[in-house]
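Engineer: Sending over a structure as structure tokens; questions will come in a sec.
The values are calculated or read from the model by the stated rules, or taken from the named source; none is laboratory data. Just so you know, these numbers come straight off a predicted model, no measurement behind them. All Cβ positions, glycine included, derive from the backbone under ideal geometry; neighbour counts span all protein chains shown. Keep in mind that these areas ignore ligands, DNA and RNA; they rest on the heavy atoms of the full protein, side chains included. Shrake-Rupley method; radii C 1.70, N 1.55, O 1.52, S 1.80 Å.
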Amino acid sequence: MRQSKTGRKIVLYIVLALGALVSLFPFYWAAIGATNESGKMFSKPPVLAPGEKLVENVQNLNEAIGIGRVMFNSLFIAIVYTVLSLLICSMAAYAFAKFRFKGRNIIFGIFLLSMMVPYHATIIPLFKMMAGFGWLNTYKAVILPNLAYPFAIFLMRQNMLAFPTSLIEAARIDGSGEWKIFFKIVMPSMKPALAATAIFLFLYQWNSFLWPLIALSSTDMYTFPVALSSLFGLSRIDYGQVMAGVTIATIPIIIFFLALQRQFISGMLGSAVK
């Protein structure tokens with residue numbers, strides 16, 4: 001019996017190790033490509049060892065897109081969007097979870113159904129709206145749309161449903177206002193859910209490509225996905241630059257996830273159980 005259990009664990013660990021290798025290999029390939037010249041990307045057999053062109057590729061990339069400015073744009077847009085969207089989605093989730101009003105479930109269902117609308121169908125009306133406001137080629141045009149992200153509202157609502165309503169009612173009896181209850185009582189207990197939602201929102205905005213490409217016309221306003229797309233010319237593509245850009249663009253995502261991974265796992269497990 002013990003031998004069978006040990007055998008199952010060994011097989012499980014082997015499968016998990018293979019899955020980890022398959023998942024990590026694209027990141028390794030990008031990092032290796034950033035250290036080699038463009039011609040070695042498609043050589044046979046493939047080059048899997050680090051090269052000596054990292055500094056040159058980074059310098060060429062900086063000359064092509066301006067790494068500092070692009071990094072600032074991406075971080076500023078992603079962080080501001082994440083903070084504002086967390087606040088708005090948390091307040092909406094709190095209302096859907098703890099307030100009783102007519103049509104609550106219908107409105108929440110409409111929010112969920114909105115996720116089924118193709119994103120491309122909203123591009124033209126959104127573009128006309130931003131043009132009418134005079135917000136094109138500004139941070140506002142990228143940050144403000146989709147602040148009320150339906151999936152984030154759903155995720156926060158599922159966690160807030162498990163929060164004891166008796167604590168909220170006791171706070172009301174003690175004279176606490178709704179804002180104090182929300183920020184002082186409910187939100188501190190939602191840290192795992194907030195971390196999980198923050199990761200989703202940050203990744204969504206950081207990897208956003210189509211709408212920033214349309215809304216931002218100046219190279220000084222480009223985010224990383226848009227700036228990297230400009231490296232693909234009609235004739236020659238320097239894959240060393242591209243891989244260097246991909247590697248640099250991946251670093252903030254990894255740091256953000258590692259900083260919140262414990263809360264992320266707790267939040268996902270909590271929303272699944274609740």
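Engineer: Could you grab me the full set of residues in the stretch 106-132 that are surrounded by fewer than 12 Cβ atoms within 10 Å (Cβ to Cβ), free of Cβ contacts under 8 Å to residues at least 12 places away in the same chain and of a type outside the set (Gly, Ala, Ser)?
Structural biologist: Result: Ile106, Ile110, Leu113, Met116, Val117, Pro118, Ile124, Pro125, Lys128.
Engineer: Yes or no: the stretch 227-250 includes at least one residue that is outside any loop (DSSP other than H, G, I, E, B), in contact with a Lys or Arg (Cβ under 8 Å, 6 or more places away or on another chain) and open to solvent by less than 40 Å² (accessible area, probe 1.4 Å).
Structural biologist: Yes, the stretch 227-250 contains at least one residue that is outside any loop (DSSP other than H, G, I, E, B), in contact with a Lys or Arg (Cβ under 8 Å, 6 or more places away or on another chain) and open to solvent by less than 40 Å² (accessible area, probe 1.4 Å).
Engineer: Restricting attention to the stretch 7-25, does a residue exist that is free of Cβ contacts under 8 Å to residues at least 60 places away in the same chain, surrounded by 10 or more Cβ atoms within 10 Å (Cβ to Cβ), among the basic types (Lys, Arg) and under 23 Å from Gly233 (Cα atoms)?
Structural biologist: Checking the stretch 7-25: not a single residue is free of Cβ contacts under 8 Å to residues at least 60 places away in the same chain, surrounded by 10 or more Cβ atoms within 10 Å (Cβ to Cβ), among the basic types (Lys, Arg) and under 23 Å from Gly233 (Cα atoms).
Engineer: Name every residue in the stretch 1-52 that is within 31 Å of the chain's Cα centre (by Cα) and over 27 Å from Ala249 (Cα atoms), in order of residue number.
Structural biologist: The answer is Leu12, Tyr13, Ile14, Val15.
Engineer: I would also like to ask the following. Would it be correct to say that Ile124 is of a type outside the set (D, E, K, R), in a helix (DSSP H, G or I) and within 22 Å of Ala215 (Cα to Cα)?
Structural biologist: yes
Quick grid of which residues meet (1) among the aliphatic types (A, V, I, L, M); (2) out of contact with any His (no Cβ under 9 Å at 6 or more places or on another chain); (3) farther than 17 Å from Tyr81 by Cα:
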position: Asn137; (1), (2), (3): no, yes, no
position: Leu147; (1), (2), (3): yes, yes, no
position: Ser176; (1), (2), (3): no, yes, yes
position: Ile181; (1), (2), (3): yes, yes, yes
